[in-house]
Every structure is written in C-alpha cells, then in structure tokens.
1. Can you run phi through the Karplus equation (6.51, -1.76, 1.60; θ = phi - 60°) for the range 53-60 and list ³J(HN,Hα) in whole Hz, with x for Gly and Pro?
2. With a ≥ b ≥ c the root eigenvalues of the C-alpha gyration tensor of the range 17-88, is it rounded (a/c under 1.5), prolate (a/b larger than b/c) or oblate?
3. Suppose R0 equals 25 Å. What FRET efficiency, 1/(1 + (r/R0)^6) with r the Cβ-Cβ distance, do Leu42 and Asp68 give to the nearest 0.05?
4. Let me have the relative contact order for the range 20-82, percent, based on Cα pairs under 8 Å that are six or more residues apart.
5. Could you rank the peptides 37-49, 14-26 by their average count of other C-beta atoms within 10 Å per residue, with the highest value first?
6. Can you tell me the dipole magnitude for the range 17-88 around its Cα centre, using point charges on the Cβ only (Lys, Arg +1; Asp, Glu -1), in Debye to the nearest 20?
7. What is the distance, in nm, between label points placed 7 Å from the Cα along the Cα-to-Cβ direction at Ala53 and at Ser29?
8. Under the 0.36 nm per residue contour assumption, what length would be gained going from the current alpha-carbon distance of Arg22 and Glu86 to full extension?
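Just so you know, all these numbers are worked out from the coordinates, no wet-lab data involved. What you see is a predicted model, and the numbers here were worked out from it, not measured in a lab. Note that each Cβ is placed from the backbone with ideal geometry, even for glycine, and that neighbours are counted across all protein chains shown.
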Amino acid sequence: MRSTKSKEASKAVGSVGVNYGRIADNLPSVVKVVQLIKSQGLERVKVYDTDPAILRALSGTGIKVTVDLPNEFLPTADLEEAHMDEYLQI
C-alpha cells in the first residue's frame, strides 16, 4: 500500500528545474552548467537574460527554458511583438 502512495505522490510533483543566475564570481562555463543540469535530471531552467551563448548551449538538450522578462518590458509585453522579438533576439 505504501509503495502505491509513493508512486502517486511522485506523479503529482511534476518536473523540477533550477534558476540560472550569473551575477557572481568564478562561475563555471555555460557548457559545464548545462552538463550539470542534465546530470541532475533537471527538466527546466529559468534564465534572467537572453545571452546567445546560454540559449545555444541549452538548444537541443530537451531542457525547457523560461526567459525572465525585465520589468521595463512588462507594460508592453503583450502589445509589441516586434519589441519582444528584439529582446529575445529572434
């Protein structure tokens, strides 16, 4: 009976991710960070900017990426698609 409850509980949890901030000293390379995320079985990552090196390193990994939107973009985020494309560097 307990094992059934544990299986049900693990299904309810969903996926686990990590926030990837880069305001610090002596940070590992982007490649090493992506390897670490994958080695820990994490499925999601939140980044705080659109650094092309980070987005390239995450591309094709199967890791779902959330890009944080700076406050100054919030008032027009849903109104100006071209503005968002520029921010995301599409």
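1. Using θ = phi - 60°, the values come out as 5, 5, 5, 5, 5, 7, 4, x Hz.
2. Cα axes put the range 17-88 in the prolate bin.
3. Working: r = 17 Å, r/R0 = 0.69.
Plugging the Cβ-Cβ distance into 1/(1 + (r/R0)^6) gives 0.90.
4. With pairs under 8 Å counted, the relative contact order is 33 percent.
5. On the way: 37-49: 14.3, 14-26: 10.4.
Those peptides, ordered most packed to least, come out 37-49, 14-26.
6. On the way: 7 positive and 11 negative charges, 138 e Å.
With only Lys, Arg, Asp and Glu charged at Cβ, the dipole is about 660 debye.
7. Result for the modelled spin labels: 1.0 nm.
8. Extra length from Arg22 to Glu86 when fully extended: 20.9 nm.
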